Amino acid sequence: MARARQLDADDPLAAYRGHFIGAESSLSYLDGNSLGRPLKRTRDDISRFIEESWGGRLIRGWDEEWLDLPQAIGDQLGRAVLGAAAGQVTIADSTTVVLYKLIRAALAASTGPGRNEIVLDTENFPTDRYLVEGIAKEQGLTLRWITPDAAAGVTLEEVRAVTGPATAVVVLSHVAYRSGHLADLRGITEAVHDAGALVVWDLCHSAGSVEIGLDASQVDFAAGCTYKYLNGGPGSPAFAYVNARHLPGLAQPIWGWMGRKDAFEMAAGYEAAPGIRGFLSGTPTVLAMIPMRGMVDLIEEAGIESVRRKSSLLTAFAVELYDSWLAPRGAQLSTPRDPDQRGSHITVDHPAFREMTSVLWERDIIPDFRAPHGLRIGLSPLSTSFSELYDGMAAIRQLVDG
Ligand SMILES: *Cc1c(COP(=O)(O)O)cnc(C)c1O
């Protein structure tokens, strides 16, 4: 415990924890990678929105602010979190729907004679796999599966081995949802381009926890959640990134009025709005976008490099506690040991974990469980303290002893 206290004392970002609801309680929250804690200011942001914007401005709010909100938040997210210049990011739909639209847009931009394969991997999040299966069926394309090491993730070599003149699109996660493996975004993007194909990155588990650099890596398309490390609240809408070079002529498949040029002309026929706006389909979920702004502000203030530094220290401390407490009790680490190769969570496997998870939750120790017997320990850098992690790991050790 002395070591956890020292790590907290040395943590330059320690004070940020006070911005979150629940920070004072003794609960150990180890699942910020699944649903981030709310910020205290979210209470005020939402009630002010209801009183002043919705209640005060009523329908005028659309013209005055709301219609531009997806792009305004998107630009800030691009700057503070994604490494994306303005005009390439918007907020819309759910990650699942955004990914569908982006994968279809990527295919429209890259399929050609002989290019009829989509590359994906067996360790990707279920929604990504199902979507790609459905799209392949719908479009008559062939799936090319990578089967990575489940305790690590997709490597550059594996991508090189399956991409070539037949590849249209590659769909991968930047941070693997189970193992926490951090993929080589830049190297893999380059390899996909060398093969003449396009890449769609899923950033759900990396946005807000690691540096991304979408523009610097020339990424084509990307999507991610805002309710994980971006603390937007349950079911908050997703973000979409389309590299500026793909925006002219962007062909996304869900033609709605909000993505049309001059939407309020209500004219005949669909003609996409220029720029990232053409990615939209229906009315923006304005109310659900309010909470995420506070977190993007906070990350921008702290700096994503510092957030990443703390994340690495947190996962390193988790691995250290695993080594001394859980490895001797028969558990296995299913996450890369090198901090440069992992995101902000670790997964530990043990046959007792399935039964144990509900007991832990009753005791206010909250990791999450991933079949067949993995406990995911997610460490949201700005809200998690080293002492909180220590307490959670100590409770897990105690329960494994029975
Ligand atoms: C959480 C997560 C999703 C969730 O998609 P939704 O449409 O928001 O349910 C998708 N992909 C990955 C990698 C995730 O971690």
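Just so it is clear, none of the values below were taken in a lab; they were calculated from the coordinates. Since the model is a prediction, treat every value here as computed from it, not as a measurement. So basically every Cβ, Gly included, is an ideal-geometry build from the backbone, and we count neighbours across all protein chains shown.
Here are the numbers for this structure:
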| quantity | calculated |
| --- | --- |
| Spin-label model distance (nm) - S25 vs R186, 7 Å beyond Cα toward Cβ | 4.1 |
| Distance between region 294-340 and region 1-71 - C-alpha centres, whole angstrom | 21 |
| Mean separation of Cα contacts under 8 Å, 6 or more apart, over the residue count of region 210-346: relative contact order % | 23 |
| Where a label projected 7 Å from the Cα of F264 along Cα→Cβ would reach, residues of region 58-86 with amide N under 12 Å | 59-68 |
| Residues whose placed amide H lies under 5 Å from that of A238, excluding near-sequence neighbours | A92, D93, S94, T95 |
| Pairwise FRET efficiency - S324 versus D10, Cβ, R0 = 25 Å, nearest 0.05 | 0.80 |
| Karplus 3J(HN,Hα) series, Hz, for region 269-283 with 6.51 cos²θ - 1.76 cosθ + 1.60 (x for Gly, Pro) | x, 9, 9, 4, 5, x, x, 5, 4, x, 7, 5, 10, x, 4 |
| FRET efficiency, 1/(1 + (r/R0)^6) with R0 35 Å, evaluated for M1 and D338 via beta carbons | 0.85 |
| R79 versus L287: modelled label distance in nm, points set 7 Å from Cα along the beta carbon direction | 2.9 |
| Linear extension gain, H193 paired with A150, 0.36 nm per residue minus alpha-carbon span | 12.9 nm |
| Gain upon complete extension [L143, T122; 0.36 nm per residue less C-alpha separation] | 6.4 nm |
